[in-house]
Amino acid sequence: EKSGFEHFMLKEIFEQPEAIKNSVRGRLIPESGLAVLGGLESVEQRLRQVKRIHIVACGTAFHAGLVGEYMLEEYAGIPVEVCIGSEFRYRKAVLDPKDDAVLVISQSGETADSLAAVREAKEKGVLTLGIVNVVGSTIAQETDAGVYTHAGPEIGVASTKVFVSQLAVLALFIIFLGRQRQMSVVVGKRIAEALLAIPKQVQSILEQDSVTKLIAQKYFKSKDVFFLGRKYNFPIALEGALKLKEISYIHAEGYASGELKHGPLAVIDELVPSVVVCPQDSVYEKNISNIEEIRARHGKIVAIATHGDEEIKQVADDVIYIPKTLEMLTPILSAIPLQLLSYHVALALGHDIDKPRNIAKTATVE
């Protein structure tokens with residue numbers, strides 16, 4: 001049921017605080033800085049020996065995997081390689097049964113390319129893990145161990161609540177692996193406490209929906225849009241571009257902000273707006289520099305910024321604020337306004353938001 005919402009996608013966007021609560025519920029011991037993941041208990045000792053993780057996923061789940069790469073390398077000290085499922089299955093990936101693990105992320109648990117990666121890894125004797133939403137799905141059955149996101153059913157083709165639930169579960173996974181290694185109790189507690197605060201922070205962003213709607217009204221006739229971000233929010237730039245493409249059919253590209261000078265600046269002008277994910281994090285000043293480069297080419301800027309940041313108003317045409325959190329968790333918050341922006345643009349254009357043309361909810365074929 002749509003429960004009074006105009007579309008399933010909008011309903012699912014507004015269900016995200018509850019979806020994140022469900023993903024995290026019963027899995028954190030904040031006072032000890034620990035994550036309890038029953039689905040990984042059977043392979044806990046093998047995980048202690050893992051020296052490299054290959055994350056395999058497709059579409060939106062691939063973007064979650066890219067965020068996971070930053071998390072794992074920074075907090076668990078494990079080298080990570082993220083690969084698109086359709087590429088992994090056809091390249092000769094070098095997998096070591098002793099030291100490697102393959103982590104597959106999938107909303108449906110039936111994604112053909114991701115399932116092929118599981119089977120390839122198992123053929124080579126490598127530990128396989130899954131993060132999936134659908135209980136009893138094929139990937140859930142065929143991986144050695146894994147974690148369910150528990151986000152609930154998602155009807156809209158463009159994934160929203162499952163994506164943020166994947167990020168929440170990845171944060172749990174980082175605490176789990178990090179505490180097995182060098183992560184201190186203090187750091188574990190800090191991440192756990194910040195993660196428990198996320199649902200209320202997401203709710204506060206949803207309450208700004210009217211602001212996002214007004215911004216969408218300004219830009220819905222654009223033919224091209226850039227999405228930019230750095231570090232943890234580079235994958236969110238990719239995700240924002242994908243959402244806009246999926247449901248509005250507007251040409252959008254996601255880039256690492258530092259790549260602007262390597263080509264994309266050539267197409268920036270007053271008709272090409274840029275959405276810049278620019279929270280006050282370790283790369284904030286670098287992002288401001290990139291925004292100024294765009295302004296010098298007369299490009300319009302929509303900034304996703306941290307509450308209280310007044311400086312951003314001097315360089316951006318429009319600002320959507322998100323609450324302050326740990327840098328590794330900002331992608332959960334910064335994804336929300338991009339989902340809403342895409343929704344309102346598609347709505348203004350009169351498109352079928354829940355069932356966009358040419359794509360399906362579950363990709364069970366190549």
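The values are calculated or read from the model by the stated rules, or taken from the named source; none is laboratory data. Owing to the predicted nature of the structure, the values given are computational and were not obtained by experimental measurement. Positions of Cβ are backbone-derived with ideal geometry, glycine not excepted, and every protein chain shown enters the neighbour counts. Accessible surface is based on the protein model in full, side chains and every heavy atom, while ligands, DNA and RNA are left aside. Shrake-Rupley method; radii C 1.70, N 1.55, O 1.52, S 1.80 Å.
Which pairs have Cβ atoms under 6 Å, sit 6 or more apart or on different chains, and link a residue in region 1-24 that is closer than 23 Å to Val147 by Cα and of a type in the set (A, V, I, L, M, F, W, C) to one that is assigned to a loop (DSSP other than H, G, I, E, B) and at pLDDT below 95?
Filtered contacts from region 1-24: no entries.
Being closer than 23 Å to Gln166 by Cβ, assigned to a helix (DSSP H, G or I) and aromatic (Phe, Trp, Tyr) is the filter here; which residues of region 178-233 pass it?
Hit for region 178-233 is Tyr232, nothing else.
Does region 167-181 hold any residues that are open to solvent by 10 Å² or more (accessible area, probe 1.4 Å) and under 14 Å from Lys21 (Cβ atoms), and which are they?
none
Which numbered condition in (1) out of contact with any Ser or Thr (no Cβ under 6 Å at 6 or more places or on another chain); (2) crowded, with 24+ Cβ neighbours inside 10 Å; (3) assigned to a helix (DSSP H, G or I) is the only one that Lys243 fails?
Result: Lys243 fails condition (1) only.
Can you tell me which residue within region 161-214, out of those that are among the basic types (Lys, Arg) and out of contact with any strand residue (DSSP E or B) (no Cβ under 8 Å at 6 or more places or on another chain), is farthest from Gly65 (Cα to Cα)?
Within region 161-214, the match that is farthest from Gly65 (Cα to Cα) is Lys213.
Results for (1) open to solvent by 40 Å² or more (accessible area, probe 1.4 Å); (2) touching a helix residue (DSSP H, G or I) at 6+ places or on another chain (Cβ under 7 Å), shown as yes or no for each residue.
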site	(1), (2)
Val135	yes, no
Thr143	no, yes
Val162	no, no
Val202	no, yes
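Do we find a residue being closer than 27 Å to Tyr75 by Cβ and over 23 Å from the mean Cα position of the chain (by Cα) anywhere in region 259-273? Before the answer, list the steps.
Of all residues in region 259-273, those closer than 27 Å to Tyr75 by Cβ come to 259.
Right, trim to over 23 Å from the mean Cα position of the chain (by Cα) and you get none.
Within region 259-273 (the criterion being closer than 27 Å to Tyr75 by Cβ and over 23 Å from the mean Cα position of the chain (by Cα)), the answer is no, since none of the residues qualifies.
Yes or no, residue by residue, for (1) open to solvent by less than 10 Å² (accessible area, probe 1.4 Å); (2) over 24 Å from Leu206 (Cα atoms); (3) not acidic (Asp, Glu):
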{"position": "Lys223", "(1), (2), (3)": "no, yes, yes"}
{"position": "Arg230", "(1), (2), (3)": "no, no, yes"}
{"position": "Ala266", "(1), (2), (3)": "no, yes, yes"}
{"position": "Ser274", "(1), (2), (3)": "yes, no, yes"}
{"position": "Asp281", "(1), (2), (3)": "no, no, no"}
{"position": "Ile291", "(1), (2), (3)": "yes, yes, yes"}
{"position": "Gly299", "(1), (2), (3)": "yes, yes, yes"}
{"position": "Ala303", "(1), (2), (3)": "yes, no, yes"}
{"position": "Glu311", "(1), (2), (3)": "no, no, no"}
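Within the set of pairs 6 or more residues apart or between chains, which connect a residue that is on the phi > 0 side of the Ramachandran plot inside region 119-133 to a residue that is open to solvent by 10 Å² or more (accessible area, probe 1.4 Å) with Cβ atoms less than 7 Å apart?
Gly125/Pro97
Tell me, which residue of region 70-107 that is basic (Lys, Arg) and within 16 Å of Lys122 (Cβ to Cβ) is surrounded by the fewest Cβ atoms within 10 Å (Cβ to Cβ)?
The extreme case among them is Lys98.
Against the definition (more than 16 Å from the chain's Cα centre (by Cα) and either in a loop (DSSP other than H, G, I, E, B) or more than 21 Å from Ser86 (Cβ to Cβ) (or both)), how does Ile174 come out, yes or no? Write out each step before concluding.
Values: more than 16 Å from the chain's Cα centre (by Cα): no; either in a loop (DSSP other than H, G, I, E, B) or more than 21 Å from Ser86 (Cβ to Cβ) (or both): yes.
No, not satisfied.
Picking from Leu338, Leu326, which residue would you name as being within 16 Å of the chain's Cα centre (by Cα) and buried (at least 24 other Cβ atoms within 10 Å of the Cβ)? Give the derivation first.
Numbers: Leu326 fails: buried (at least 24 other Cβ atoms within 10 Å of the Cβ).
Being within 16 Å of the chain's Cα centre (by Cα) and buried (at least 24 other Cβ atoms within 10 Å of the Cβ) holds for just one of Leu338, Leu326, which is Leu338.
Out of curiosity, is Ile55 of a type in the set (Val, Ile, Thr) and closer than 27 Å to Ser334 by Cβ?
For Ile55, the condition - of a type in the set (Val, Ile, Thr) and closer than 27 Å to Ser334 by Cβ - is met.
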